[in-house]
Structure formats: structure tokens, C-alpha cells
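The values are calculated or read from the model by the stated rules, or taken from the named source; none is laboratory data. Keep in mind it's a predicted model, so treat the numbers as computed, not measured. Cβ coordinates were reconstructed from backbone atoms using ideal geometry, including for glycine residues, and neighbour counts include every protein chain displayed. For the accessible areas, the whole protein counts, side chains as well, though only heavy atoms, and no ligand, DNA or RNA atoms are used. Shrake-Rupley method; radii C 1.70, N 1.55, O 1.52, S 1.80 Å.
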Amino acid sequence: MQAARLLFVTGKGGVGKTTVAAALGQYAAGLGHRTLIVETATDGRLAYLFGYHALGPAPRRLRAGLDAVRIDARQLVEGYFSGLLRFPMLSKRLLASQTFNALTAAAPGITEFLLLEKLLGWIEPGFGVRRRGYEVIIVDGPSTGHALKMLRTPRALATMVPGGPLGKTARRLLALLGDHARTQVVLVSLPEEMSVRETIETQQVLEGDLTLRVARPIINRVFPRHFSATEAHLIEQNGELDGAAAPLLAAARFTIAYRREAERHVAHLRRALGASPILLRQLFTADVRAADLERFGRRLGKAVLEPVDDSRKPKAESEKHRTGHDTHGDH
Amino acid sequence: MATIESLFRKRLVICVGAGGVGKTTTAAALALAGALRRRRTAVITVDPARRLKDALGLDGLSMEPQSVAVDSVHFDALALDTKRTFDALIERFAPNPAVSARILANRLYQELSNELAGSAEYMAMEKLHELLHLHRYQVLVVDTPPSAHARDLLAAPNRVTNLLASRAVSLLQAPAALLSGAPSSVARVALFPLLKALQRWTGLHLLHDLADLAAGFEHMIEGFHTRAEEVSRLLRAPSTAFVLVTTPEPHTVETAISFHRELTDGGFPVAGIVANRVLAFPRLDEETVPTAAWDERLRSKLLRNYRELQELSQRDRRTLRKLQGETGAPLLAVVPAVTVAPTTLAGLERFARLLL
């Protein structure tokens with residue numbers, strides 16, 4: 001069996017990580033891969049996107065070929081340490097102990113590591129596991145700072161604790177994360193300064209320090225390019241802002257300015273990373289619909305789940321052509 | 001009913017909310033507005049956007065107040081440095097320089113002061129406590145680190161003192177203390193693998209470092225506790241106002257609603273909500289749109305563009321109504337979406353005008 005692939009989605013808070021994870025998951029399942037989406041947040045957004053109210057610690061079927069699960073860091077820590085204690089009465093006392101809680105809150109890396117270890121169980125189910133493992137696992141990760149901390153943990157642990165089961169797990173994780181054919185970090189951004197800057201810094205750390213593979217960056221909520229350059233010029237030159245057409249012109253100017261600002265940030269990201277971002281358009285509906293997820297999934301899936309190719313420098317001409325039409329006439 | 005003007009009669013204005021909603025900009029604009037009302041004002045920002053930082057003259061990301069002049073008025077701006085504030089606190093409470101040096105060199109302390117969830121939040125509170133006691137400012141506007149939950153922000157002072165007061169020294173000498181009430185021989189046997197596991201995490205000699213840290217802190221716990229209580233009282237004082245900043249996206253509004261609930265449950269005075277990046281394109285009678293000026297293709301594009309923005313405007317109206325309904329908090333300001341985030345003083349002035 002081919003080794004499972006891991007997509008770790010992260011980005012600044014509120015950029016649409018869950019939407020991206022959901023769209024990728026749906027697309028992967030549509031290709032016939034047994035897919036699992038792992039929710040690490042507690043806000044229930046993922047389940048909401050698929051019309052369920054809550055996910056739990058055991059994978060739950062969302063639709064054919066697509067499961068989802070929610071992992072709760074606190075529960076993992078409690079589970080791990082009660083496992084070590086083996087006496088339910090004692091572990092109950094322990095978990096209620098303020099000292100224990102202070103210790104685990106302060107000991108760096110525990111929750112991050114346990115979370116990754118949990119993933120390993122789904123990705124490499126090991127011998128004697130009857131069910132077939134997943135082929136694609138998508139982590140709807142925490143926001144950037146916390147995600148970086150998490151992705152750093154296995155290496156820190158493998159260096160510091162070379163032996164024992166802990167060290168062994170750390171090395172397995174390290175091998176999984178560092179395998180460019182299997183694992184990619186997916187960075188989601190908005191077309192705004194803060195968000196783009198954070199994406200650039202994160203990608204540099206991920207690729208440079210951690211030698212992880214980072215997928216083409218994703219920029220979410222890009223305003224459409226409704227108007228050609230000539231039309232934009234016409235609209236912006238037209239001084240008639242008090243007549244009956246005024247609201248139309250004001251709205252058009254708003255969109256044009258938003259699009260222009262977005263393009264500036266897209267260009268900044270492209271220049272800084274040498275990779276062409278994948279653009280997802282701003283939606284004009286109350287919330288993300290199934291059809292949007294499908295469309296996003298197609299766009300993302302082709303770029304992120306395409307057969308592994310290490311020479312992933314974008315071909316300048318075709319990329320340019322593509323992004324020019326990316327969010328144009330997409331209804 | 002609180003208004004945005006009432007904020008300038010408070011001593012402490014704390015902007016809270018999820019990441020990316022415009023807290024930093026709102027805090028800076030409120031400080032500017034305070035200055036324009038001739039109040040001695042300062043803003044504490046956390047990780048401001050590069051260009052806003054430049055505009056504020058905050059390039060050095062300094063904890064020293066820097067003066068930002070706008071027209072004839074000025075306000076002070078400071079950027080928070082969690083680690084340095086923590087260090088300063090240690091130096092203040094340590095009985096002598098040797099103890100503080102020992103703590104500052106402790107590995108666990110270094111992890112803790114940078115990484116412990118909530119320490120940035122705690123230090124924001126700590127810094128403003130210090131500033132308020134200097135009586136240098138009439139209004140202090142605080143931009144808080146992005147938190148998904150109010151409890152991260154507000155539980156922070158207790159989290160630090162909990163750890164320090166957690167019998168860590170006795171724990172090292174008698175691990176059974178962790179399981180108070182259990183027969184100590186059973187507890188020792190049971191706890192052995194646990195303690196080993198805890199040691200292994202991260203390779204820090206966690207317990208040793210902790211005991212070392214706790215020993216260093218022994219004489220300081222009292223001071224920390226008192227300080228945490230003062231900060232906690234300060235946050236609930238009538239002279240304090242929390243401002244909940246949000247954007248109108250449905251999901252962000254849900255976060256804001258639970259944030260508001262946590263704040264009011266905790267007894268923190270929420271003055272109201274600032275809704276940022278709101279679209280307000282009113283309904284349009286398409287019949288009245290003149291056709292002469294444009295060809296059919298452009299006309300239909302213009303209409304389609306308008307309908308899309310109006311769709312979003314409706315969504316914003318709905319979510320904000322829901323926000324008000326569920327929180328019962330006043331909308332202090334509705335700031336329309338602007339295409340370029342303010343990154344210059346002039347931009348900040350424009351933003352402040354929209355806010356007020």
C-alpha cells in the first residue's frame with residue numbers, strides 16, 4: 001500500500017484554514033482516497049461546514065470516503081498520564097491536582113507531541129490493525145505560532161531523548177514530517193499585509209530551519225477582477241458620483257481598489273517565495289456552501305494533491321496566465 | 001448606554017477580540033482620538049503591522065513610551081515585550097540580585113516566560129498596572145494579543161501564580177504529594193513512570209528546573225499573588241472599559257458572542273462593540289440606473305458587482321443584529337470597510353474619523 005499523505009494546514013487566525021482543509025478533504029475523497037480531516041480547534045467550524053453539529057475523538061463518517069475527527073489536547077494529556085498510572089483512582093486524583101495541571105501546562109511540547117503522536121496512529125496504523133488506514137490525512141491545524149511550535153517538537157525531542165519509546169516515536173514523526181513525498185504544510189493567507197508577512201516568515205522557518213515541504217501558498221478571499229483595465233480607468237475617471245448611477249460607481253470603485261490591493265499582496269508573496277499563490281475568491285454569500293467547497297477543492301487539490309514533483313518551481317508563463325483569470329468570471 | 005465618547009472618561013480602555021479583526025488599529029485610533037480630546041493618552045500595542053509601526057514611530061518595538069505627534073497634539077505609544085516585562089517583574093520582586101540572576105538563567109523560566117500560554121496576556125496586564133501607577137496618563141488604551149477565548153486573557157495572572165505556588169519543591173522531595181490522600185507507598189510506585197515521563201519531555205530536567213525555579217521564587221510568591229490580585233481588581237474597576245472588536249463575518253461574530261459572555265461572566269466591564277470592516281451598500285432600484293453612459297456589457301458588470309456587495313452588506317447587517325441581540329451590548333462604532341488598512345498617520349486619522 002502506498003504510504004499515506006499528510007497535509008498540515010495552518011495560517012493566521014481567521015484566514016479560512018478550516019474551509020481550506022474541508023475543501024481539500026472533499027476533493028481527496030472525490031478522487032477515491034480514504035481521507036481523514038483532523039480538527040484541532042474547538043470551535044466546531046469543520047463539522048458545521050458539513051452540516052454536523054459536533055465531532056468527537058473517534059473518526060466519524062462525513063460522506064463516502066471522508067471521515068473527520070476532533071482531537072482535544074487536554075484529553076490527550078489526561079489520557080497519556082492516566083495510561084502511565086494504570087490505577088483509575090489515582091489518575092483521577094492526579095488529573096484533579098493543581099500541581100499536575102501546572103506542570104503539564106508549563107512543560108513545553110507535551111500537548112503538541114501527543115497530538116502528533118495521535119496522527120501517527122492514523123497514518124501508520126501498524127501491524128495487526130484490521131481496518132485499512134487512511135490514504136490522505138488533512139490536519140486543520142492551529143494558527144501559525146502554535147503550529148510552528150508543534151512541528152518543531154519531534155526534532156527537539158528526538159535530539160534530547162534519543163532512546164526509549166518516546167525517542168522512537170519522535171524519530172518516526174520526524175521521518176514522516178520530513179518526507180517531502182508524503183508531508184506538506186499548507187499555508188493559508190489573506191491578501192493583507194499582516195497575513196502575507198506572517199506567511200512569508202513562516203514559510204522561511206518551515207523550509208529553512210525545519211526542512212519541511214511547503215505547498216504553494218493559498219490566498220483566500222481575493223476580490224474578483226470584474227473590470228478590465230480600460231473599464232476600471234473609465235469608472236475611476238467618471239466624476240459622476242451624485243447622480244442615480246452614483247452607488248454603482250462607488251461599488252465598482254470599491255471592488256477595483258480591493259482587487260488592486262489584493263494583487264499587490266499576491267505579487268509580494270510571489271516575489272518573496274518564488275511560488276505562485278493559489279487564489280480563492282471572496283464569496284458573496286452568507287456562508288460557505290457545498291458548491292463553494294467543491295470549487296475550492298478542485299483548485300486547491302490540483303495544486304496540492306498533484307503527483308509529487310520536487311522540481312516544483314512554477315512555470316512563469318503559464319502561472320501568470322492562470323492567475324490572471326483565477327477569480328474572474330467564476331460563477 | 002455607553003458611547004464611544006464615554007471611553008475617553010475611562011482610565012483604562014482594553015481592546016479585545018479574535019486575531020485579525022483590527023484590534024491594533026482600533027487601539028491606535030482610540031489613542032489618537034484621546035489625544036485630540038486633550039487627554040494625556042498612551043497606547044500599548046502588540047505586534048503592530050510594520051507600516052503602522054513605522055507610522056507610529058515604533059520601529060524599535062520599544063517598551064519605552066515614544067511620542068507620536070499629530071497636528072498639534074500627541075500621544076505616547078509603547079510596544080509590549082513579554083519577556084522583558086517578565087524579567088523586570090522578577091527583578092522587582094527578587095530579594096537580591098543573586099536570586100534574580102539565578103531565575104533569569106533557569107531554562108524552565110526561559111521557556112515559561114516566552115511560551116507559557118497566557119504569559120503575553122499576563123504581561124500586557126502587568127505593564128499597564130505599572131503605567132497606571134505612574135499617573136502619567138489619563139487614558140491608557142491597550143491592544144491585547146489575539147485570543148480565541150477571553151479566558152486565555154483573563155486567567156493568565158492566575159496561571160503564572162498557580163505554577164509558582166504549586167508545592168513544586170515538596171513535590172520533588174516527596175512525589176506522593178501529587179496524590180494527596182493516597183497511601184504514599186502506592187503513590188510512589190504509581191508515580192515513578194509518570195515522573196520519569198515528565199522528566200523526559202523535552203529533555204529538560206523538568207522537575208529539577210522547576211524545583212530550582214520554585215526555590216528562587218519562594219520569597220516572591222507573596223509579591224506575585226498580591227500583584228495578580230491588584231491586576232485582577234483593576235480589570236474589573238469602574239474606571240476600566242473593555243471594547244470588543246470584531247468584523248461582521250458570521251464565524252467571527254460567533255467568536256465575539258462567546259468572548260462577550262466570558263467577559264461578562266467574569267465580571268469585566270464591557271463598554272460595547274466596535275464592528276470593523278462593515279459593508280453598507282443600500283438596496284438599489286435597478287430601474288433608475290441610467291443606461292446611456294455605458295455599453296450593455298459594462299452596465300451588467302456594474303450591476304452584478306453591486307449585487308454582490310449588497311449581498312455582503314445584507315449579511316453584515318444580519319450578523320451585527322445577531323451580535324447585538326445576543327450580547328445586549330451597544331455598538332459603539334461601525335467602521336466601514338476601507339480598501340487599504342491604515343499604515344500611515346494620515347490613514348490612522350481617517351480611520352479614527354470613521355470610528356468616531
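A few points about this structure:
- Label-reachable residues, the range B:337-356, where backbone N falls under 19 Å from a point 7 Å from residue B:331's Cα toward its Cβ: B:337-339, B:351-356
- Ranking of A:192, B:126 by solvent-accessible surface, largest first: A:192, B:126 (1.4 Å probe, protein heavy atoms only, all chains present).
- Shown are A:93, B:299, whose ranking by accessible area with a 1.4 Å probe and every protein chain present, most to least, is A:93, B:299.
- Radius of gyration and maximum dimension Dmax of the range A:162-299, Cα, Å: 20.9, 77
- Whole-angstrom gap from the range B:326-353 to the range A:1-57, using each part's C-alpha centre: 33 Å
- Interface size, chains B and A: roughly 5800 Å² of accessible area buried, both sides included, 1.4 Å probe, rounded to the nearest 100.
- Mean-position separation - Cα centroids, the range B:13-38 and the range A:251-298, in angstrom: 28 Å
- With the simple model of a label 7 Å out from the Cα in the direction of the Cβ, residue A:289 to residue B:105 spans 6.6 nm.
- Shielding value for B:306-314 is 5, the average number of Cβ atoms from other chains within 10 Å of each residue's Cβ.
- Accessible area (Å², 1.4 Å probe, nearest 10) - residue B:344: 70 Å²
- When you restrict to C-alpha pairs under 8 Å that are six or more residues apart and normalise by the size of the range A:157-203, the relative contact order lands at 19 percent.
- The residue A:3 and residue B:62 beta-carbon pair, evaluated with R₀ = 56 Å, returns a calculated FRET efficiency of approximately 0.65.
- Computed from backbone phi with θ = phi - 60° and the Karplus coefficients 6.51, -1.76 and 1.60, the 3J(HN,Hα) list for the range A:24-39 is 5, x, 5, 5, 4, 5, x, 7, x, 7, 6, 10, 10, 9, 10, 8 Hz; x is used for glycine and proline.
- Amide H contacts under 5 Å for residue A:183, placed H, 5+ residues apart: A:6
- Take every DSSP beta bridge whose two residues both sit in the range A:21-94; close to 40 percent of them are antiparallel.
- Remark: accessible surface ordering of A:258, B:137 (largest first) is A:258, B:137, probe radius 1.4 Å.
- Seen from all directions on average, the range B:227-350 presents a Cα convex hull projection of 11.3 nm².
- For peptides B:127-133, A:217-223, sequence by mean Cβ density within 10 Å, most packed first: A:217-223, B:127-133
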